[in-house]
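Worksheet for the structure shown next.
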Amino acid sequence: MSGLRLAAGRARLENRVFWRNPTAAFFTIVFPLVFLLVADVALAGPLGGRGQAARFYTPSIMAFGLITACYTSLAMGVVLAREAGTLKRLRGTPLPTWAYVAGRIGQPLFVAALLATLIGLYGALVHGLTVPLERLPLLLVALTAGALSFSALGLAITAAVPNAGAAPAFINATILPLLLISDVLVPLDQGVLATIAGLFPVRHLTDALRAAYDPTAALAAGEGTSSILVVGAWGLAGLFVALRSFSWSPRG
Amino acid sequence: MQGLTKRYGRREVVRNLDLVVQAGTVFALLGPNGAGKTSTIEILEGYRERTSGEVEVLGEDPARGHRAWRERVGIMLQEGGVEPYLTVGEVLAATRSYYRRPRSQDGLLQAVALTGEDDTPVRRLSAGQRRRLELALAVCGSPEMLFLDEPTLGFDPAARRAAWRWIRELAAEGTTVLLTTNVMEEAGALADRLAILVDGVVVAEGTPAEVVGGGVSKTVIRFRLGDPAFRLPHDLLDARVMVGSDGLVELHTEEPVRSLHQLTEWALEQDIGLRGLSVTSRSLEEAYLELVDTARQ
């Protein structure tokens, strides 16, 4: 069977594994949606009205959902599969490495697309929030680049995780602080923390999505594009690390 | 495989190992836990890199194992690695799709007595069933070379015998099999040749019969003495005598007829019953334990 079909088959299998594991599916899908509803209620006051608030957090939660699916959930899944010896077993078959990796990344892409659609629809139907037609390509490119890059980073972080018990600590410790300082859930646009956040891809993904949603704000479309480039650069770095130090066997 | 050495840090787990497995035969690698069996088999499977030595599997260096080579090799790992949330049928179908000439799904299920379990999630299988599925997965690409790392661990006796029968059938079809085990009966039932590995060194190699015959004492006489205070006759002390604290006596002898005669003559004279008297030729297990013991001293 050709490599592409094998990769597609792997993505289908990974997808089944994802949906059949209730905890993983619950946290990845339901968490961002709960945040969306909480933000809807909690941020309306501080951000000056529900419409204004929705304009802030709709792209935020989109970024958050994408990161949960592509980075957190992917990295957890890979570490668990590694610890269970699944990666080792597959390594012993003729399945090409790239087909496995492509299938592995394909699965969160699907979940991220689903989440983005749900969140976008919520914004549109509840708050009448739409993306201007000329910014639609920016939104789609930002989502695609973001999903691929965070998946690559998710694969890369697994190299640092010693075992499944340590996985939540490693994965959350790398992503939660960034989510907090990157203007995602908490508005934070200035100061030292914002400058630090500017070095990392979370802030840039959020900026790009926000630029797509908010043509009137200070962010220009050009800024969205440069943010996508930063996210992509992080993704390439992640891919490089993943290819160099990815581990197929359980660690002792 | 020539002069294979594997070192972790300063610890040598495999030392200068030479092994040849003839095509179409079953070779068993025996040894206590930590003897270097898994290290050796995983080097041959291409999972680990060797420190030094020459290794060739199906004419290629497994460390470079590319896709075409993997196509010809089947591997059953010591620890499973089957996705728990998939069903038996899904895992088997997926793994079959990685090979160009897979065996039929039904035939595989039948061979490991999992017919009708297609829709059972892997996590609902018993430990023995899961292990059987792993055996089917290793065989599903019709490999020329089959590696089995402690294949029947956790099998019930009936399943174990069925698995042995299947492995023998595969060998009869021309599959070369290399297995590790610490179940002596398994090596005796399956292997054309075997090697006993202790601390990374081969201490015995040959057919099962050669290995059993290779030790010093070949027959074991066992009985219980009602009163441990009885002194055995001096002539008998030619044999190796071991007296357990529970009164069980074991005589290891190279001359079973003479020893038995001396023993029964003495027992008749003294009017002592030899409860549970048994005479057995040394089993592979005893030969193995003795070899491991000697090697460790």
- Task: Inspect the stretch A:108-116 for any residue being at pLDDT below 90, crowded, with 19+ Cβ neighbours inside 10 Å and more than 14 Å from chain B (Cβ to nearest Cβ) and give the result as yes or no.
- Result: no
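Condition check ((1) more than 18 Å from the chain's Cα centre (by Cα); (2) among the small types (Gly, Ala, Ser); (3) under 23 Å from B:Gly24 (Cα atoms)) across all residues:
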| residue | (1), (2), (3) |
| --- | --- |
| B:Glu71 | yes, no, yes |
| B:Gly81 | yes, yes, no |
| B:Gly89 | yes, yes, no |
| B:Ser104 | yes, yes, yes |
| B:Glu134 | no, no, yes |
| B:Leu137 | yes, no, yes |
| B:Pro157 | no, no, no |
- Output for the stretch A:16-37, where each listed residue is open to solvent by 20 Å² or more (accessible area, probe 1.4 Å) and polar (S, T, N, Q): A:Asn21, A:Thr23
- Query: Tell me, which strands (runs of 3 or more DSSP E) wholly within the stretch B:239-291 include 3 or more residues that are within 30 Å of B:Arg193 (Cβ to Cβ)?
  - Reply: B:248-253, B:274-281
- Message: Can you go through A:Leu185, A:Leu129 and tell me which one is of a type outside the set (Gly, Ala, Ser), within 14 Å of A:Arg210 (Cα to Cα), surrounded by fewer than 22 Cβ atoms within 10 Å (Cβ to Cβ) and within 19 Å of the chain's Cα centre (by Cα)?
- Response: A:Leu185
- Determine whether the stretch B:125-132 contains at least one residue that is open to solvent by less than 60 Å² (accessible area, probe 1.4 Å), of a type in the set (A, V, I, L, M, F, W, C) and over 20 Å from B:Phe27 (Cα atoms). yes
- What's the number of the condition B:Leu114 fails, among (1) closer than 16 Å to A:Gly92 by Cα; (2) open to solvent by less than 30 Å² (accessible area, probe 1.4 Å)? (1)
- Note on the structure: Checked B:Leu137, B:Leu125 against criteria (touching a residue at least 60 places away in the same chain (Cβ under 8 Å) and over 13 Å from B:Ala163 (Cβ atoms)); the one match is B:Leu137
- Note on the structure: Residue count, the stretch A:11-23, condition more than 8 Å from chain B (Cβ to nearest Cβ) and under 13 Å from A:Gly103 (Cα atoms), comes to 5
- Message: Against the condition in contact (Cβ under 8 Å) with a residue 60 or more places away in the chain, under 20 Å from A:Ala152 (Cβ atoms) and of a type outside the set (Lys, Arg), how does A:Ser245 come out, does it pass?
- Response: yes
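For the stretch A:147-188, give me each residue that is in a loop (DSSP other than H, G, I, E, B) and among the aromatic types (Phe, Trp, Tyr).
Of the residues in the stretch A:147-188, the ones in a loop (DSSP other than H, G, I, E, B) are A:159-163, A:182-188.
Once the filter is applied, which keeps residues that are in a loop (DSSP other than H, G, I, E, B) and among the aromatic types (Phe, Trp, Tyr), the stretch A:147-188 yields nothing.
In the stretch B:32-59, which residues are over 20 Å from the mean Cα position of the chain (by Cα), at negative phi and more than 14 Å from chain A (Cβ to nearest Cβ)? Please lay out each step first, then the result.
Initial filter on the stretch B:32-59 (over 20 Å from the mean Cα position of the chain (by Cα)): B:46-59.
Now narrow it down to the ones that are at negative phi: B:47-52, B:54-57.
Residues satisfying the conditions are B:Arg50, B:Thr51, B:Ser52, B:Glu54, B:Val55, B:Glu56.
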- Query: Could you say which residue among B:Leu260, B:Leu268, B:Leu194, B:Leu225 is modelled with pLDDT of 75 or more and either open to solvent by 60 Å² or more (accessible area, probe 1.4 Å) or touching a Cys at 6+ places or on another chain (Cβ under 9 Å) (or both)?
  - Reply: B:Leu268
- Message: Condition first: assigned to a loop (DSSP other than H, G, I, E, B) and at pLDDT below 90. Now tell me which residues in the stretch B:152-175 satisfy that.
- Response: B:Thr152, B:Leu153, B:Gly154, B:Phe155, B:Asp156
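Kindly indicate the residue of the stretch A:117-126 that is open to solvent by less than 20 Å² (accessible area, probe 1.4 Å) and in contact with a Leu (Cβ under 8 Å, 6 or more places away or on another chain) and also nearest to A:Leu243 (Cα to Cα) among those meeting that condition. First the steps, then the outcome.
Let us first name the residues in the stretch A:117-126 that are open to solvent by less than 20 Å² (accessible area, probe 1.4 Å), namely A:119-120, A:123.
Next cut, in contact with a Leu (Cβ under 8 Å, 6 or more places away or on another chain) only: A:119, A:123.
Numbers: A:Ile119: 33, A:Gly123: 38 Å.
The residue in question is A:Ile119.
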- If A:Gly65 passes every condition in (1) of a type outside the set (Ser, Thr, Tyr); (2) under 11 Å from the mean Cα position of the chain (by Cα); (3) over 28 Å from B:Pro84 (Cα atoms) but one, which one does it miss? (3)
- Query: Can you pull out the residues in the stretch A:80-100 that are open to solvent by less than 20 Å² (accessible area, probe 1.4 Å) and either of a type in the set (Ser, Thr, Tyr) or more than 7 Å from chain B (Cβ to nearest Cβ) (or both)?
  - Reply: A:Ala81, A:Arg82, A:Thr86, A:Leu87, A:Leu90, A:Thr93, A:Ala99, A:Tyr100
- Residue within the stretch B:75-94 that is crowded, with 17+ Cβ neighbours inside 10 Å, under 30 Å from A:Leu80 (Cβ atoms) and away from chain A (no Cβ under 14 Å) present: no
- Message: Which residue is farthest from the chain's Cα centre (by Cα), if the candidates are limited to the stretch A:132-142 and must be among the aliphatic types (A, V, I, L, M) and open to solvent by 30 Å² or more (accessible area, probe 1.4 Å)?
- Response: A:Leu133
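The values are calculated or read from the model by the stated rules, or taken from the named source; none is laboratory data. Here the structure is a predicted model, which is why all the values come from computation and not from measurement. Cβ: placed from backbone, ideal geometry, glycine included. Neighbour counts: every protein chain shown. Keep in mind that these areas ignore ligands, DNA and RNA; they rest on the heavy atoms of the full protein, side chains included. Shrake-Rupley method; radii C 1.70, N 1.55, O 1.52, S 1.80 Å.
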